[in-house]
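In what follows, a single structure is set out as structure tokens and then discussed.
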Amino acid sequence: MEIIEKKLRIEDAELISAFELNDNFLQLIQNRFKTAVLIRGENLILKGYTDEIKVIERLFREFSYLLKRNGVILQSDISTILELIDTREYEEIKHNGNNKNPVIYNGVKEIIRVKSQKQLEYYEKVLNNDLVFAIGPAGTGKTFLAVAMALAALRLNEVSKIIITRPAVEAGESLGFLPGDMREKIDPYLRPLTDAMHYLLSGDKLKALLEKQTIEITPLAYMRGRTLNNAFIILDEAQNATRTQMKMFLTRFGPNSKVIITGDVTQIDLQNKEDSGLIHASNILKGIKGIEFVYFSNKDVVRHKLVAEIIKAYEKETKSEAKKSSGKEKE
């Protein structure tokens, strides 16, 4: 592959100044690529392979974007963006207008991308709104993508912490009779969330973030009385939150916070299904600017192909039972 030299003019004088004052910025980039990277006056001089040069050009556009947004660019910002680079196919986390499968998060095991049109709708609505409801069956990626988007926001310094919560509903078992202290009793309810975190972060990184409470995973009942600023907040299994709990939760988040609420209205474990806060909220909050809804169906399932068929079978049975029940009432 031919080595070329390319000279680009940097229009952002503040970006040039930031790099001139911090030698480590260029050194970090040099360590990441084989391409030589120099700044001479207003020019960025790149000498290397074509593919890498394209990546570095996009990289500097991202630096300029961050500087304009935050008013400052730090060494940690440079490191963060470099972590998000896939040299085979670089994609900017927040600006993927021409890409059908944008990267959401560069996880420890794999790069997490949008996998369907519905997931793309979900991703874009979260980027552009402060409160998004994701409603639909298991296996559509509602919770997993919410966690990935939260980690991306944290990595880009858009929020200072992540809070993930879900109701601890007694589905068949009483908490009081389960073994262990309160933490041990509620851990099974929170396990799906910690599983997602373990898939996206290394064990050491997750442990450190949990210890610093940068990431907090907690039962919904523990949210009462709090005000959550500069946070990315996820309420999972929201169909099992009561109307009172939902109202309490929705009034917790403060300035510069983003909220995703996920749930499946076909899996309500409350004794009175009409008391589901998710159903109630989805009826009364539509049309409010800044609040969006994404509805997934069995067609959007991204787990094993049999999961979609299983969901279809249960939906068919539910409709059949409802029809029979309606017929008996008419008699």
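The values are calculated or read from the model by the stated rules, or taken from the named source; none is laboratory data. Keep in mind that what you see is a predicted model, and the values were worked out from it rather than measured. Here Cβ is always computed from backbone atoms with ideal geometry, including for glycine, and neighbour counts include all displayed protein chains. Quick note on the areas: whole protein, heavy atoms, side chains included, nothing else; ligands and nucleic acids left out. Shrake-Rupley method; radii C 1.70, N 1.55, O 1.52, S 1.80 Å.
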_Pairs please, first residue from region 109-131 and assigned to a loop (DSSP other than H, G, I, E, B), second anywhere and of a type in the set (D, E, K, R), Cβ atoms under 7 Å, 6+ apart in sequence or on different chains._
S116/D300; N129/E292; D130/K258
*Determine, yes or no, whether F25 is part of a helix (DSSP H, G or I), in contact with a strand residue (DSSP E or B) (Cβ under 7 Å, 6 or more places away or on another chain), within 17 Å of I81 (Cβ to Cβ) and among the aromatic types (F, W, Y).*
no
_For K328: the one exception among (1) assigned to a helix (DSSP H, G or I); (2) within 21 Å of T143 (Cα to Cα); (3) of a type outside the set (S, T, N, Q); (4) modelled with pLDDT under 60_ = (2)
_Quick check on my filter: what residues within region 144-162 are more than 8 Å from the chain's Cα centre (by Cα) and either in a helix (DSSP H, G or I) or on the phi > 0 side of the Ramachandran plot (or both)?_
L154, R155, N157
*For region 250-269, enumerate the residues that are open to solvent by less than 40 Å² (accessible area, probe 1.4 Å) and of a type in the set (D, E).*
D264
*Number of the condition not met by E110 [criteria: (1) out of contact with any Asp or Glu (no Cβ under 8 Å at 6 or more places or on another chain); (2) modelled with pLDDT of 80 or more; (3) farther than 22 Å from R61 by Cβ]*: (2)
*Output the residues belonging to region 195-206 that are modelled with pLDDT under 85 and open to solvent by less than 40 Å² (accessible area, probe 1.4 Å).*
A196
*Only one of these conditions is not met by I93: (1) in contact with a helix residue (DSSP H, G or I) (Cβ under 6 Å, 6 or more places away or on another chain); (2) modelled with pLDDT under 85; (3) within 12 Å of F296 (Cβ to Cβ). Which number is it?*
(3)
*Hey, could you check region 4-18 for residues that are outside any helix (DSSP H, G or I) and open to solvent by less than 100 Å² (accessible area, probe 1.4 Å) and say which is farthest from Y65 (Cα to Cα)?*
I4
*For Y189, all conditions in the list (1) in a helix (DSSP H, G or I); (2) more than 18 Å from L278 (Cβ to Cβ); (3) at pLDDT below 90 hold save one; what is the number of the exception?*
(2)
*Mind telling me which of the residues S160, S174 ends up being open to solvent by 40 Å² or more (accessible area, probe 1.4 Å), among the small types (G, A, S) and modelled with pLDDT of 90 or more?*
S160
*asked:* I'm trying to understand the selection: among the residues of region 15-39, which are closer than 23 Å to D51 by Cβ and of a type outside the set (A, V, I, L, M, F, W, C)?
replied: Q27, Q30, N31, R32, K34, T35
*Considering residues of region 256-294 that are among the charged types (D, E, K, R) and touching a residue at least 24 places away in the same chain (Cβ under 8 Å) only, the residue nearest to G139 (Cα to Cα)*: D264
*Considering only region 19-52, state which residues are under 34 Å from the mean Cα position of the chain (by Cα), open to solvent by 70 Å² or more (accessible area, probe 1.4 Å) and of a type in the set (D, E).*
D23, D51
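Any chance region 53-76 includes a residue that's more than 28 Å from the chain's Cα centre (by Cα), surrounded by 14 or more Cβ atoms within 10 Å (Cβ to Cβ) and in contact (Cβ under 8 Å) with a residue 24 or more places away in the chain?
Step one: list which residues in region 53-76 are more than 28 Å from the chain's Cα centre (by Cα), which gives 53.
Checking which are surrounded by 14 or more Cβ atoms within 10 Å (Cβ to Cβ) leaves us with 53.
After this cut, where a residue has to be in contact (Cβ under 8 Å) with a residue 24 or more places away in the chain as well, the list is 53.
Yes, that holds for at least one residue.
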*Being under 26 Å from the mean Cα position of the chain (by Cα) and either under 8 Å from Q239 (Cα atoms) or surrounded by 16 or more Cβ atoms within 10 Å (Cβ to Cβ) (or both) is the filter here, so list the residues in region 270-284 that pass it.*
S276, G277, L278, I279, H280, A281, S282
*Just one of (1) among the β-branched types (V, I, T); (2) touching a Leu at 6+ places or on another chain (Cβ under 9 Å); (3) within 30 Å of G107 (Cβ to Cβ); (4) open to solvent by 10 Å² or more (accessible area, probe 1.4 Å) trips up I234, so point out which.*
(4)
